[in-house]
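Q: Please read through the structure below; I'll follow up with questions.
The values are calculated or read from the model by the stated rules, or taken from the named source; none is laboratory data. Predicted model only: the values in this text are computed from it and were never measured. Virtual Cβ from ideal backbone geometry, glycine too; neighbours counted across all protein chains shown. The protein model used for the area step is the full one, side chains on, heavy atoms only, and it has no ligands, DNA or RNA in it. Shrake-Rupley method; radii C 1.70, N 1.55, O 1.52, S 1.80 Å.
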Amino acid sequence: DELMGDLMDYTLAADQTIMVWDPLRKVLPPPDPAGPGRLRIGPDWTTLAGNWFTKWERTNDIKWRDRIKIGMNDIGGFKFGFFTGNGAAVGWNADTAHLVDEGSPGTGSYHLTMLFGGGEFLMELMDVITDEPAFDAAWLDFCRLYNASNAE
């Protein structure tokens, strides 16, 4: 019903809300006000991308697919892929949908990265968007190395 669609559309504002309400405000110092906002690749970006994916499925408006592909391309381009940032926290520009590697060596804990269905969503995403091989490689590296030893 259309009311459910309206409720789903409200979730599309979450990308701008993150610019105001830093999801890491309780655990990390605030980001530079002159720079981008901040979010975690998972669960924050995976949730945003899930919202966009649903909107794309419902409307066939490629604007939403393109926002997902921007993030996929950014993550695939990060030296450490899904292990980028302090606990997977990276810079975020809601206007452009770009994620920004702020140079962190990939420290911190990643145990909550794929919480709330993030991993399942990414597997579906990779089945539908098949032209982002660097993203696919970063995801497979994350899956392979998540429980690996420090030496690996």
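Q: For the structure I just gave you, tell me whether A134 is modelled with pLDDT of 95 or more, over 12 Å from I68 (Cα atoms) and open to solvent by less than 70 Å² (accessible area, probe 1.4 Å). Explain how you work it out, then say what you get.
A: Numbers: modelled with pLDDT of 95 or more: yes; over 12 Å from I68 (Cα atoms): yes; open to solvent by less than 70 Å² (accessible area, probe 1.4 Å): yes.
Yes; evaluated as a whole, the condition is true for this residue.
Q: Could you list, in sequence order, all residues of region 66-98 that are closer than 15 Å to D22 by Cβ, touching a Gly at 6+ places or on another chain (Cβ under 6 Å) and open to solvent by 10 Å² or more (accessible area, probe 1.4 Å)?
A: Within region 66-98, N86, G87 meet the criteria.
Q: Of everything in region 42-60, what is open to solvent by less than 60 Å² (accessible area, probe 1.4 Å) and either without any contact (Cβ under 8 Å) to a residue 24 or more places away in the chain or farther than 18 Å from M123 by Cβ (or both)? Give them in sequence order.
A: Step one: filter region 42-60 for residues open to solvent by less than 60 Å² (accessible area, probe 1.4 Å), giving 42-46, 48-56.
Correct list: D44, K55, W56.
Q: So which residues in region 21-49 are among the β-branched types (V, I, T) and closer than 23 Å to D66 by Cα, if there are any at all? Please lay out each step first, then the result.
A: Keep residues of region 21-49 that are among the β-branched types (V, I, T), which gives 27, 41, 46-47.
Passing the criteria: I41, T46, T47.
Q: Still on this structure, please answer the following. When you look at K63, is it surrounded by fewer than 16 Cβ atoms within 10 Å (Cβ to Cβ), outside any helix (DSSP H, G or I) and of a type outside the set (F, W, Y), yes or no?
A: Details: surrounded by fewer than 16 Cβ atoms within 10 Å (Cβ to Cβ): yes; outside any helix (DSSP H, G or I): no; of a type outside the set (F, W, Y): yes.
Here the answer is no, as K63 does not meet what is asked.
Q: For region 20-60, enumerate the residues that are touching a strand residue (DSSP E or B) at 6+ places or on another chain (Cβ under 7 Å) and not in a loop (DSSP other than H, G, I, E, B).
A: Start the filter on region 20-60 by keeping residues that are touching a strand residue (DSSP E or B) at 6+ places or on another chain (Cβ under 7 Å), which leaves 22-24, 28, 31, 35-41, 45.
Of everything in region 20-60, those that are touching a strand residue (DSSP E or B) at 6+ places or on another chain (Cβ under 7 Å) and not in a loop (DSSP other than H, G, I, E, B) turn out to be G37, R38, L39, R40, I41, W45.
Q: From L122, L140, L145, grab the single residue that is on the phi < 0 side of the Ramachandran plot and either crowded, with 20+ Cβ neighbours inside 10 Å or under 14 Å from the mean Cα position of the chain (by Cα) (or both). It would help to see each step written out before you state the result.
A: Numbers: L140 fails: either crowded, with 20+ Cβ neighbours inside 10 Å or under 14 Å from the mean Cα position of the chain (by Cα) (or both); L145 fails: either crowded, with 20+ Cβ neighbours inside 10 Å or under 14 Å from the mean Cα position of the chain (by Cα) (or both).
That would be L122, the only listed residue that is on the phi < 0 side of the Ramachandran plot and either crowded, with 20+ Cβ neighbours inside 10 Å or under 14 Å from the mean Cα position of the chain (by Cα) (or both).
Q: Okay, next question. Looking at (1) closer than 15 Å to T47 by Cα; (2) open to solvent by 50 Å² or more (accessible area, probe 1.4 Å); (3) modelled with pLDDT of 95 or more, find the lone condition where L112 falls short.
A: Of (1) closer than 15 Å to T47 by Cα; (2) open to solvent by 50 Å² or more (accessible area, probe 1.4 Å); (3) modelled with pLDDT of 95 or more, only one is false for L112: (3).
Q: Also: Within region 28-74, how many residues turn out to be farther than 30 Å from E2 by Cβ, among the β-branched types (V, I, T) and more than 9 Å from the chain's Cα centre (by Cα)?
A: Number satisfying all stated conditions: 0.
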